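Trainee: Below is one structure. I have some questions about it.
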Amino acid sequence: MKLLEGIRVLDLTNVLSGPFATLHLALAGAEVIKIENPTDGDLARKLGCVPTYNQMLMGTSFLAQNANKKSLTLNLKMPGGKEIFKKLVKTADVVVENFRPDVMTRLGFSYNALSEINPRLIYCAISGFGQTGPDALKPAYDQIIQGLSGEMAINGDERLNPLRAGFPVCDTVGGLNAAFAVMGALYYRERTGEGQFIDVALLDSIMPLMGWVVANLMIGGQQPVLMGNDNFTAAPSGVFKTKDGFINIAANKQEQWESVADVLGVPELKTDVRFKERDTRKKNRKELTPLLEAKLMQKESTLWVDDLNKRDVPAGAILTLDQAVRQAQVQHRDAFGKVSVEGIGELELFNLTAKFSKTPGFVESPPPTLGEHTREVLTSIGYSEGEIEKLKETKVI
């Protein structure tokens, strides 16, 4: 049995935050039916670095988020499309959408309307700012939320600020938040038999990730300090230059700092008044770093990492993305699963990264072509071949 076996999810999402949420449900074993407009589907089908795949409506951005899903094309603005969707809602456990807050209501598919059809339905709406409030109807992409959340303001240093994260962190965190919320609502329904409405905002979702920085401000009254690659919690903790590159060292405990001094051959720094105590060491990090780097630049990164790790000091190389996804630990953890996509070939896509002992989740089927499962899904809710052909002729599907 799979973790979410028997759960049917109607996925009306596009691009990233919503598809990332439903990807996790699909990897966990739910039947995720991706409902797409018949013309060109999810916008992500045209997004990616390979123009040929974009023209095939199988862009790399789409491929990354949509394994294990089915694709049904459906024009929700047409009466025939609305009728089909309502029939699907009767069979569904979850609806996930990431439109602006007023879109589903205008289509006639608000939570109140759908819960009358299926009282056990869990409805998750993902948006930039949430369903209510002064900014609810504003458009939002990941970078807009990065700026409004304060996340960009705390990145970088005095030379480069504000600075966005190198990937759509708000979209992906919002998707994870939505997947977590749906799982919690499914558990609640098991206990009570009741469905419910879930309102997930990207702005809400990203802020708790900055918890320590926010706590320093709101509890301790300390404004964020731009520290680049240094870690504000300790010293030495950050990026350091070696003979052949850079490494991260995170000596957060006093004994770890003392081990760093011993490994680098500078035991005298342990009793230096500037560095002896944690708080004074943090204040004097700009004096400490050059002293450490003078030693670190005498040997290669791998040697220093091994020596420091042997003394229980967290240290690691700074890898390129290609090196990161190919490293032995990632391979050992089965982070990626292989799946063959017609016209493209074999791809490596992420498996469910939480490792369940009884119900693991793996990539089992490729991201669907547009409308690939339309006939299968409609047949499952009672449509005949003749009816399906008529729906196709009238461009409902």
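The values are calculated or read from the model by the stated rules, or taken from the named source; none is laboratory data. Keep in mind it's a predicted model, so treat the numbers as computed, not measured. Ideal geometry is used to build each Cβ from the backbone, glycine not excepted, and the neighbour counts take in all protein chains shown.
Trainee: Quick check: is even one residue across the stretch 45-63 part of a strand (DSSP E or B), among the hydrophobic types (A, V, I, L, M, F, W, C) and buried (at least 24 other Cβ atoms within 10 Å of the Cβ)?
Mentor: Looking for residues that are part of a strand (DSSP E or B), among the hydrophobic types (A, V, I, L, M, F, W, C) and buried (at least 24 other Cβ atoms within 10 Å of the Cβ), one finds none in the stretch 45-63, hence no.
Trainee: Hey, another quick one. Kindly state which helices (runs of 4 or more DSSP H) lie completely within the stretch 139-220 and contain at least 1 residues that are among the hydroxyl-bearing types (Ser, Thr, Tyr). Break it down stepwise before answering.
Mentor: Values: elements: 142-149, 169-192, 202-206, 211-218.
Once the helices (runs of 4 or more DSSP H) in the stretch 139-220 are filtered for at least 1 residues that are among the hydroxyl-bearing types (Ser, Thr, Tyr), what remains is 142-149, 169-192, 202-206.
Trainee: Hey, among Val363, Val313, Val339, which residue is assigned by TED's automatic domain parsing to the domain that holds Leu303 and either at pLDDT below 95 or not in a helix (DSSP H, G or I) (or both)?
Mentor: Only one candidate passes the filter, namely Val313.
Trainee: Let me ask another. Out of the stretch 321-349, which residues are of a type in the set (D, E, K, R) and free of Cβ contacts under 8 Å to residues at least 12 places away in the same chain?
Mentor: From the stretch 321-349, those of a type in the set (D, E, K, R) are 322, 326, 333-334, 338, 342, 346, 348; that's our starting set.
If the condition is that a residue be of a type in the set (D, E, K, R) and free of Cβ contacts under 8 Å to residues at least 12 places away in the same chain, then Asp322, Arg326, Glu346 are the ones that fit.
Trainee: Now for a different question. Give me the pairs, please: first residue somewhere in the stretch 1-22 and over 22 Å from Ser127 (Cα atoms), second residue anywhere and of a type in the set (Phe, Trp, Tyr), beta-carbon distance under 7 Å, and either six or more positions apart or on two chains.
Mentor: The qualifying pairs are Leu3/Phe356.
Trainee: Would you point out which residue out of Leu292, Leu288 is in contact with a strand residue (DSSP E or B) (Cβ under 7 Å, 6 or more places away or on another chain) and in a helix (DSSP H, G or I)?
Mentor: Values: Leu288 fails: in contact with a strand residue (DSSP E or B) (Cβ under 7 Å, 6 or more places away or on another chain).
Criteria check complete, one pass: Leu292.
Trainee: I'd like to verify a number: residues in the stretch 285-309 that are farther than 12 Å from Phe246 by Cα and either touching a residue at least 60 places away in the same chain (Cβ under 8 Å) or in contact with a Lys or Arg (Cβ under 7 Å, 6 or more places away or on another chain) (or both), how many?
Mentor: 3
Trainee: Could you pull out the residue among Asn155, Asn231 that is out of contact with any Asp or Glu (no Cβ under 6 Å at 6 or more places or on another chain), crowded, with 16+ Cβ neighbours inside 10 Å and outside the structural domain of Asn66 (by TED's automatic domain parsing)?
Mentor: From the options Asn155, Asn231, the qualifying one is Asn231.
Trainee: Related question: Anything in the stretch 64-85 that is buried (at least 16 other Cβ atoms within 10 Å of the Cβ), over 15 Å from Val32 (Cα atoms) and not hydrophobic (A, V, I, L, M, F, W, C)? List them, or say none.
Mentor: Asn75, Gly80, Gly81, Lys82
Trainee: If you don't mind, there's one more thing I want to ask. Could you tell me which of the residues Gln196, Gln256 is among the polar types (S, T, N, Q) and not assigned by TED's automatic domain parsing to the domain that holds Ile122?
Mentor: After applying the criteria, what remains is Gln256.
Trainee: Return yes or no: is Asp93 modelled with pLDDT under 95, over 18 Å from the mean Cα position of the chain (by Cα) and in the same structural domain as Ile198 (by TED's automatic domain parsing)?
Mentor: Numbers: modelled with pLDDT under 95: no; over 18 Å from the mean Cα position of the chain (by Cα): yes; in the same structural domain as Ile198 (by TED's automatic domain parsing): yes.
It is false that Asp93 is modelled with pLDDT under 95, over 18 Å from the mean Cα position of the chain (by Cα) and in the same structural domain as Ile198 (by TED's automatic domain parsing).
Trainee: Sticking with this structure for a sec: Can you say whether Gly166 is closer than 17 Å to Pro101 by Cβ and either free of Cβ contacts under 8 Å to residues at least 12 places away in the same chain or buried (at least 17 other Cβ atoms within 10 Å of the Cβ) (or both), as far as the supplied structure shows?
Mentor: No; evaluated as a whole, the condition is false for this residue.
Trainee: Now a separate question. Can you tell me how many residues within the stretch 233-281 are in a helix (DSSP H, G or I) and aliphatic (A, V, I, L, M)?
Mentor: Of the residues in the stretch 233-281, the ones in a helix (DSSP H, G or I) are 254-263, 267-270, 278-281.
Those still in the list that are aliphatic (A, V, I, L, M) too: 260-261, 263, 269.
So the count comes out to 4.
Trainee: Okay, moving on. Looking at the stretch 1-44, which of its residues are aliphatic (A, V, I, L, M), more than 23 Å from Arg189 (Cβ to Cβ) and surrounded by fewer than 23 Cβ atoms within 10 Å (Cβ to Cβ)?
Mentor: Val15, Leu43
Trainee: Among the numbered criteria (1) out of contact with any Pro (no Cβ under 8 Å at 6 or more places or on another chain); (2) without any contact (Cβ under 8 Å) to a residue 12 or more places away in the chain; (3) closer than 21 Å to Arg164 by Cβ, which one does Leu217 miss?
Mentor: Leu217 satisfies all of (1) out of contact with any Pro (no Cβ under 8 Å at 6 or more places or on another chain); (2) without any contact (Cβ under 8 Å) to a residue 12 or more places away in the chain; (3) closer than 21 Å to Arg164 by Cβ except (1).
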